[in-house]
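**Q** Shown below is the structure under consideration.
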Amino acid sequence: MEIYIINGLVLGSIYALIALGINLIWSITDIPDFSQGGIYVISAYVVYFSITTLNLPWYIAIVAAALAGAVMAFCFEKFLYRRWRGRTDHIQLLCAIALFFLLANLAIYLWTAKSLNLEHYIMGKAEIFGVGVSYQRLMIIVVVIVLFILINLFLMKTKTGKAIRAATQDIEVAPWMGIDINKVFSIIFAMGGALSGIAAALVAPVFAVYPMMGELPLLKALVVVILGGKGSLVGTLIAGMGLGILESLGAGYISASYQHGYAFIILLIVLVFKPQGLFGSRKE
Amino acid sequence: MTDILEVKGLKKQFGGLVAVNNLDFTIEDGSRTGIIGPNGAGKTTTFAMIAGEHNPTAGSILFEGERIDRLKPSVICKKGAARTFQIVRVFRQLTVYEHIIMGAVAGKSCFSTCSYQTDEIEHLMELTGFENDHDKIAGSLTSARQKQLGLATALATKPKLLLLDELMAGLNLSEIERSLLILRKINEEMGITLVIIEHVMRVIMGLCKKIIVLETGQKIAEGTPKEISENKRVIKAYLGKEEKAYAGN
Amino acid sequence: MELAKNNPTLINKKNIMIWATALVVVVAVSFVPVIFSRYVIYVATLALLYAMLTASYDLIFGYTGQLSFSQGAFFGLGAYTSALLTLSGGLNFWLALPLTVIVGFIIAALIGSPALRLRGSYFAVTTFFLAHFVYLVFLNTDKLTGGPMGLRNIQPPDKLWFIDFSQMNVYFYFVLLFTILVLLFLYYLIYKTEIGRRFVAIREDQDLAESLGVNTSFYKVLSFSISGALAALCGSLFAHYFLLLHPSQFAWFTSEMIVIMTLVGGAGTLIGPVLGAAVVTFILELFRYAPELRFIIWAAALIAILVFEPKGLMGMAKRIRFRRSQ
């Protein structure tokens, strides 16, 4: 039991971290940014080569991954999504999916489909409730919670953060309040990309680095956003962790082959009873 | 006279924000009523609740003596309460004629082809000034005309009660006069009860027999145009500065 | 008072040229099996199948304006349902086919009613996950679907009157061609009647449609269900043409490809998606020998289409015609 919950927390933290960036982007721009799945993959390779080829220490590699993610997302917004801003015909969503597909296949082309393994950043394990948990896994949970707190502070306390929150409330009114929408978009995309990059860097040593690694975390993160509710940080964190734990328990006690399907069943059930998401105030 | 609409203790809360609070009013059958108030007073939210777009947090709405809160907009429309929107909303790719017919057939349960009275549609188009625009694409009209198209389409649903949300915004003086004439006809000849949200004070004052004033989600006054224009609280909250703003008109 | 019926006139002076062109195209396409090699027939059959699948998708996306990524899932459901009904159930193909369509309709309605409460991108993401979920089911219900081993030994359609499908594959080509024509005609009818009007109204502005009395949730689910049923029909034909099913044929990429084909042709234009499917299938065949590059070029091409010609081939044709008339 405990082992499943702890594994679920690790998994859920990663979902929540990717979902955090996607939620910010989605609630402001109405783009479910699938390209974060591709950014996640490329960032994981950045970490891998930073550590193996360039011999950089792991914390520098994480920063490199965050930077790579931020730059990619920033460019996608600036050169692609921005052209179609304000359009309601799903062009941005299709472009995001194409980007995700492009990046994953680029990874196959450049580095083959074979999976690569990294050593844990911090060796050893701790004993929690009689279960051995590697420091690497604990680090994931801790880093994710710290990042959530930092981003919450950023949104609540800084001027830029307040501008972003205002834009989440009402994108049409924001320009009248002297908010530079282009700047807000650039910042949230870069932030989202950086979060996906960090998520990839954190899991690279636990799981493996391979071109298709982005698909499932991306799907789960998108579901977490819908479950948690638009623009809700707490909702994202709770939905992410909750989904991780449920998946892990489901895999342990019900059936492991459907581990990646539970999210969909939960989503359908929630939609029947609470279409606006668990914590959000999204209009139906 | 009977009341066609009765709103009791209506409340709407979005998250922490109370948009409409403990609102009571009645609308007499066949009357013309104006709702005024500064931006954010909860006028459009009230309309949205009557039309079924939002569910009230508390309170009830009775249409012809029957509860309609929590019904879907399409059901409420079929019962005879139609609305136009504050923002411009049209089916951009339809022609003007198709657009108005949409209103006539949308609520009917027919699968293949619906019948409707051509002369009624023609009459409607003439009334609203679209008689020469049959084949114009709705999306190509100016936004003020698109709002008028919204009115024509709402009329095609044959409502008993019509909620008009800032129909006059963006019109010039002569267009306003024309619209006023149209609204009078709709009310007097077709017998449709009108409830109007409007910022252009002369429209409200000239057209409505009763005015309801909202401020921060609550009713602060109700009465005839004369009573309202003399009410101190209203002048303080709203009319004083608005009159100045519209003095240029 | 005069009662007017909004009757669509099928043929009038205005569209007689369109009908003539359509006739020429149909006749030309019918001659493909007579003139060309087996390989070309194979690619052409494939193109027809995808054309039909894309046409089924255009109802929910092009007409009703709901971006869905689950068309491949309903395609797969149809394929497996039909294959299992004939293989394990021992049913005649011509009985299994309508049953499959009904199953497709019901499942689409069951999933559509909760999922379509979501709007726009939220709905799109939910259907994306649906496609993945259905793939997982194919992969994991080993006893029924053969799991990763796939389903083998599917039989060609039973003999119908004098047409023996096990003898000549060309018959299949004509069955598909015929079905597509029926489908397009069905669409034409839907488009011209009140149901189609309501679909378009929902696409143009859902809130406005609802406020005018359109029961939008019902019509959205209806559109999704018809679309799903037609995809299941395609799946059934697919299963009994290829005679071999594998979960990977119905992974999320299939759904995405259908969306792309629709976009290439031009969504909501009746004939555009069919055209798009044909063009894309032939182009994909050209890249058959460079599989690693294939998907990269593919994704890049999609982005290019979105940037330069988001209305697809039909949009391009319209623009060229417009320029000429100037």
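**Q** For the list (1) farther than 22 Å from C:S68 by Cα; (2) surrounded by fewer than 24 Cβ atoms within 10 Å (Cβ to Cβ), I need the number of the one condition that C:F218 fails.
**A** It is condition (1) that C:F218 fails.
**Q** Tell me yes or no: at least one residue of segment C:270-278 is outside any loop (DSSP other than H, G, I, E, B) and within 12 Å of chain A (Cβ to nearest Cβ).
**A** There is no residue in segment C:270-278 that is outside any loop (DSSP other than H, G, I, E, B) and within 12 Å of chain A (Cβ to nearest Cβ).
**Q** Here are some conditions: (1) within 10 Å of chain C (Cβ to nearest Cβ); (2) touching a residue at least 60 places away in the same chain (Cβ under 8 Å); (3) among the hydroxyl-bearing types (S, T, Y). B:T46 meets all but one. Which one does it not meet?
**A** Checking B:T46 against (1) within 10 Å of chain C (Cβ to nearest Cβ); (2) touching a residue at least 60 places away in the same chain (Cβ under 8 Å); (3) among the hydroxyl-bearing types (S, T, Y), the one that fails is (1).
**Q** Sticking with this one: Give just the number: which of (1) over 25 Å from B:L171 (Cα atoms); (2) surrounded by fewer than 20 Cβ atoms within 10 Å (Cβ to Cβ); (3) in contact (Cβ under 8 Å) with a residue 60 or more places away in the chain; (4) more than 14 Å from chain C (Cβ to nearest Cβ) does B:G80 not satisfy?
**A** Condition (4) is where B:G80 drops out.
**Q** Now for a different question. How many residues does segment B:62-77 hold that are within 10 Å of another protein chain (Cβ to nearest Cβ) and either of a type in the set (S, T, N, Q) or assigned to a loop (DSSP other than H, G, I, E, B) (or both)?
**A** Within segment B:62-77, residues that are within 10 Å of another protein chain (Cβ to nearest Cβ) and either of a type in the set (S, T, N, Q) or assigned to a loop (DSSP other than H, G, I, E, B) (or both) number 2.
**Q** On to the next question. Can you confirm whether segment B:40-55 contains a residue that is over 28 Å from B:D133 (Cα atoms) and surrounded by fewer than 16 Cβ atoms within 10 Å (Cβ to Cβ)?
**A** Yes, there is a match, as at least one residue in segment B:40-55 is over 28 Å from B:D133 (Cα atoms) and surrounded by fewer than 16 Cβ atoms within 10 Å (Cβ to Cβ).
**Q** Still on this structure, I have one more. Failed condition for B:V75, given (1) closer than 14 Å to C:L212 by Cα; (2) touching a residue at least 60 places away in the same chain (Cβ under 8 Å); (3) surrounded by fewer than 18 Cβ atoms within 10 Å (Cβ to Cβ), with all others met?
**A** (2)
**Q** Out of B:R32, B:R89, I need the residue that is facing chain C (nearest Cβ under 9 Å), under 15 Å from the mean Cα position of the chain (by Cα) and charged (D, E, K, R). Which one?
**A** So the residue among B:R32, B:R89 that is facing chain C (nearest Cβ under 9 Å), under 15 Å from the mean Cα position of the chain (by Cα) and charged (D, E, K, R) is B:R89.
**Q** Just for helices (runs of 4 or more DSSP H) wholly inside segment C:132-243: which have at least 2 residues that are in contact with a Cys (Cβ under 6 Å, 6 or more places away or on another chain)?
**A** Here the list is empty.
**Q** Hey, can you tell me all the residues within segment B:187-213 that are closer than 16 Å to B:E28 by Cα and either in a loop (DSSP other than H, G, I, E, B) or under 13 Å from the mean Cα position of the chain (by Cα) (or both)?
**A** Hits for segment B:187-213 are B:N187, B:M190, B:G191, B:I192, B:T193, B:L194, B:V195, B:I196, B:C208, B:K209.
**Q** Pairs only if they're at least six apart or on different chains, beta carbon under 8 angstrom, first in segment C:74-93 and farther than 15 Å from C:G150 by Cα, second charged (D, E, K, R); list them, first residue then second.
**A** Within 8 Å, the pairs are C:N92/C:D158; C:F93/C:D158.
**Q** Give segment C:178-221 a look and list any residue that's at the interface with another protein chain (Cβ under 7 Å from one of its Cβ atoms) and more than 22 Å from B:G150 (Cβ to Cβ), or say none.
**A** If the condition is that a residue be at the interface with another protein chain (Cβ under 7 Å from one of its Cβ atoms) and more than 22 Å from B:G150 (Cβ to Cβ), then C:T193, C:I195 are the ones that fit.
**Q** Then there's this: If A:N23 passes every condition in (1) closer than 30 Å to A:A126 by Cβ; (2) of a type outside the set (A, V, I, L, M); (3) touching a residue at least 12 places away in the same chain (Cβ under 8 Å) but one, which one does it miss?
**A** It is condition (1) that A:N23 fails.
**Q** Next question. Of the conditions (1) crowded, with 17+ Cβ neighbours inside 10 Å; (2) out of contact with any Pro (no Cβ under 7 Å at 6 or more places or on another chain); (3) more than 14 Å from chain C (Cβ to nearest Cβ); (4) not in a strand (DSSP E or B), B:G59 fails just one. Which one is it?
**A** Evaluating B:G59 over (1) crowded, with 17+ Cβ neighbours inside 10 Å; (2) out of contact with any Pro (no Cβ under 7 Å at 6 or more places or on another chain); (3) more than 14 Å from chain C (Cβ to nearest Cβ); (4) not in a strand (DSSP E or B) leaves (4) as the failure.
Rundown of residues vs (1) modelled with pLDDT of 90 or more; (2) under 13 Å from B:L214 (Cα atoms), yes/no style:
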{"site": "B:G16", "(1), (2)": "no, no"}
{"site": "B:A19", "(1), (2)": "no, yes"}
{"site": "B:D24", "(1), (2)": "yes, yes"}
{"site": "B:V88", "(1), (2)": "no, no"}
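The values are calculated or read from the model by the stated rules, or taken from the named source; none is laboratory data. This structure is a prediction, so every number in the text was calculated from the model and none was measured. For neighbour counting, all protein chains shown are included, and Cβ atoms are generated from backbone atoms with ideal geometry for every residue, glycine included.
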